[in-house]
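The values are calculated or read from the model by the stated rules, or taken from the named source; none is laboratory data. Since the model is a prediction, treat every value here as computed from it, not as a measurement. Quick reminder, even Gly has a Cβ in these numbers, built from the backbone with ideal geometry, and neighbours come from all protein chains shown. Surface areas here come from the heavy atoms of the whole protein model, side chains and all, with no ligands, DNA or RNA. Shrake-Rupley method; radii C 1.70, N 1.55, O 1.52, S 1.80 Å.
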Amino acid sequence: MNGSFPIQELKNLKNLIFLDISGNNFDGTLSFKELSNLKNLKTLDVSYNQFNSSLSAAGNQLSGPLPECIGNLTNLQFLDLSFNQLSGNIQSIVSELTSLKYLLLSGNEFEGSFSFSALANHSKLEVFILSPGSSRLELETENPTWFPAFQLKYIQLSNCNLNVRTRAIPSFLRYQHDIRFIDLSHNKLVGTFPTWILQNNSNLGVINLRNNSFTGTFQLPNIKHGLVQLDISSNNLTGMLPKEFGLVLPRLEYINMSRNNFGGNVPSSISETPALSILDLSHNNFSGELPGSLFANCTMYCALILSNNNFQGNVFPQGMNLRSMTVLDMKNNNFSAMVGVDLVNSSSLSFFDISNNKVSGPIPRLLCNLTHLSF
């Protein structure tokens, strides 16, 4: 459908709860002043049209400040304003929408300061997304002191100028116990690694703390955990990985611990993660020989990135399963052998790099059987 949407014709539908006109070609100005009369409206979706007015809906060309009349929609449960050109300060408007379950604000040009305390009474809030944010918007969670009435399931605050004065990890997260997805990446946060996020949220599937300044060691929760994706790359973490790593986190599919200061051996318990498809431990101080059980149970297409460490011994320890490998990056280590190579069944391997090591002797003939090798 195209043309102007007859929003004014809906103003008398007092009992309207759900309105979805997404994925069309409506254009022109969409005035939401009339919608302020729809007191029972809970869901409004006008995303992916061609509206160019001053409000809502993901993936349009909306610009200017958010109309204050939106604050009258006190029963609204889903609000997605992401990926427009909206500007101004939104805190006073959002604070009135206490029935919200989903609040998506990414990809706009909002300005000023947004205090998370404005959401303290949003007891139904489950999803909050504000990333990537505008460089002119600062998100503050620590001032003033407040206590959340909500239990979030999904929170994404990547690259959003989070707590720029203290660089503290949001303390209200200590009171959350049902988070499934958390992304605090690219915020320059400081402090020790927040093990309590894993400990408090047994249903957590994804944690992304990439590109911050967390210090200390990586600690495991004291419960067997269902975490699927772990990204703590580009921090200042040190020490050895716990021996029980794979036993406590057996469902991991993606691990990125690159660009830290980890040392010691890679724990053999990583082999207890049969669904693991990407393991990136590059740019650390790991040493010793690779455990023979590494990727022994791998059944998925896999990428193994161990470059820029101090590993030694055989590039391919006995028992390593290479049948599903697509990427093997072992450069800049101290590997000295490449014996027992069983790559004949690794038809999926496309990237292979063992440059800047101490490997000598003839090149294994089996490398010629890698028909998909491109590097």
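Inside the stretch 82-103, can you point out the residues that are over 18 Å from Asn161 (Cβ atoms) and either outside any helix (DSSP H, G or I) or open to solvent by less than 30 Å² (accessible area, probe 1.4 Å) (or both)?
Residues of the stretch 82-103 that are over 18 Å from Asn161 (Cβ atoms), as a first pass: 83-85, 92-93, 95-102.
The answer is Phe83, Asn84, Gln85, Ile93, Ser95, Glu96, Leu97, Thr98, Ser99, Leu100, Lys101, Tyr102.
Where residues in the stretch 280-292 are closer than 15 Å to Asp329 by Cα and at pLDDT 95 or above, which of them is most open to solvent (accessible area, probe 1.4 Å)?
Initially, the stretch 280-292 is screened for residues closer than 15 Å to Asp329 by Cα, giving 280-284, 286, 290.
This time we only want the ones that are at pLDDT 95 or above, so: 280-284, 286.
Working: Asp280: 23, Leu281: 1, Ser282: 8, His283: 64, Asn284: 10, Phe286: 0 Å².
Looking at the filtered set, the residue picked out is His283.
From the list Thr74, Thr98, Thr141, which one is in contact with a Pro (Cβ under 6 Å, 6 or more places away or on another chain) and either on the phi < 0 side of the Ramachandran plot or of a type in the set (Gly, Ala, Ser) (or both)? Working first, answer last.
Working: Thr74 fails: in contact with a Pro (Cβ under 6 Å, 6 or more places away or on another chain); Thr98 fails: in contact with a Pro (Cβ under 6 Å, 6 or more places away or on another chain).
Exactly one of Thr74, Thr98, Thr141 is in contact with a Pro (Cβ under 6 Å, 6 or more places away or on another chain) and either on the phi < 0 side of the Ramachandran plot or of a type in the set (Gly, Ala, Ser) (or both), namely Thr141.
So is Pro221 closer than 20 Å to Ile169 by Cα and either open to solvent by 10 Å² or more (accessible area, probe 1.4 Å) or without any contact (Cβ under 8 Å) to a residue 60 or more places away in the chain (or both) or not?
On the way: closer than 20 Å to Ile169 by Cα: yes; either open to solvent by 10 Å² or more (accessible area, probe 1.4 Å) or without any contact (Cβ under 8 Å) to a residue 60 or more places away in the chain (or both): yes.
Considered against the rule, which asks whether it is closer than 20 Å to Ile169 by Cα and either open to solvent by 10 Å² or more (accessible area, probe 1.4 Å) or without any contact (Cβ under 8 Å) to a residue 60 or more places away in the chain (or both), Pro221 comes out as yes.
Restricted to the stretch 1-43, and to residues that are of a type in the set (Val, Ile, Thr) and more than 16 Å from Phe78 (Cβ to Cβ), which residue is modelled with the lowest pLDDT?
Applying the first criterion (of a type in the set (Val, Ile, Thr)) to the stretch 1-43 yields 7, 17, 21, 29, 43.
In the following step, the residues that additionally are more than 16 Å from Phe78 (Cβ to Cβ) were identified as 7, 29.
Numbers: Ile7: 74, Thr29: 61.
Looking at residues that are of a type in the set (Val, Ile, Thr) and more than 16 Å from Phe78 (Cβ to Cβ), I get Thr29.
Would you be able to tell me the number of residues in the stretch 243-266 that are charged (D, E, K, R), more than 18 Å from Thr195 (Cα to Cα) and over 19 Å from the mean Cα position of the chain (by Cα)?
First pass over the stretch 243-266, keeping only residues charged (D, E, K, R): 243-244, 251, 253, 259.
Among the residues that remain, those that are also more than 18 Å from Thr195 (Cα to Cα) are: 253, 259.
Filter once more, so that each one left must be over 19 Å from the mean Cα position of the chain (by Cα): none.
The total comes to 0.
Quick check on my filter: what residues within the stretch 229-253 are among the aliphatic types (A, V, I, L, M) and without any contact (Cβ under 8 Å) to a residue 40 or more places away in the chain? Steps first, answer last, please.
Filtering the stretch 229-253 down to residues among the aliphatic types (A, V, I, L, M) leaves 230, 232, 237, 240-241, 247-249, 252.
Leu230, Ile232, Met240, Leu241, Leu247, Val248, Leu249, Leu252, listed by residue number.
Condition check: touching a His at 6+ places or on another chain (Cβ under 8 Å), under 21 Å from Leu237 (Cβ atoms) and either open to solvent by less than 50 Å² (accessible area, probe 1.4 Å) or at pLDDT 80 or above (or both). Does Asn308 satisfy that?
On the way: touching a His at 6+ places or on another chain (Cβ under 8 Å): yes; under 21 Å from Leu237 (Cβ atoms): yes; either open to solvent by less than 50 Å² (accessible area, probe 1.4 Å) or at pLDDT 80 or above (or both): yes.
Yes, satisfied.
Please verify whether the stretch 121-130 includes one or more residues that are over 23 Å from the mean Cα position of the chain (by Cα), in contact (Cβ under 8 Å) with a residue 24 or more places away in the chain, crowded, with 19+ Cβ neighbours inside 10 Å and within 15 Å of Tyr154 (Cα to Cα). Explain how you work it out, then say what you get.
The first filter runs over the stretch 121-130 and keeps only residues over 23 Å from the mean Cα position of the chain (by Cα), leaving 121-123.
Checking which are in contact (Cβ under 8 Å) with a residue 24 or more places away in the chain leaves us with 121-123.
Now narrow it down to the ones that are crowded, with 19+ Cβ neighbours inside 10 Å: 122.
Those still in the list that are within 15 Å of Tyr154 (Cα to Cα) too: 122.
Yes, there is a match, as at least one residue in the stretch 121-130 is over 23 Å from the mean Cα position of the chain (by Cα), in contact (Cβ under 8 Å) with a residue 24 or more places away in the chain, crowded, with 19+ Cβ neighbours inside 10 Å and within 15 Å of Tyr154 (Cα to Cα).
Each row is one residue, and each column tells you yes or no for (1) in contact with a Cys (Cβ under 6 Å, 6 or more places away or on another chain); (2) part of a loop (DSSP other than H, G, I, E, B); (3) among the charged types (D, E, K, R); (4) at pLDDT below 75.
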| site | (1), (2), (3), (4) |
| --- | --- |
| Phe316 | no, yes, no, no |
| Arg323 | no, yes, yes, yes |
| Leu328 | no, no, no, no |
| Gly340 | no, yes, no, yes |
| Ser360 | no, yes, no, no |
| His372 | no, yes, no, no |
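Given (1) over 25 Å from Gln229 (Cα atoms); (2) under 12 Å from the mean Cα position of the chain (by Cα), identify the lone condition not met by Arg136.
(2)
Give Glu289, Glu253 a once-over and let me know the one that is in contact with a strand residue (DSSP E or B) (Cβ under 8 Å, 6 or more places away or on another chain) and over 26 Å from Leu189 (Cα atoms). Talk me through it step by step, then tell me what you get.
Details: Glu253 fails: over 26 Å from Leu189 (Cα atoms).
Sole residue among the options that is in contact with a strand residue (DSSP E or B) (Cβ under 8 Å, 6 or more places away or on another chain) and over 26 Å from Leu189 (Cα atoms): Glu289.
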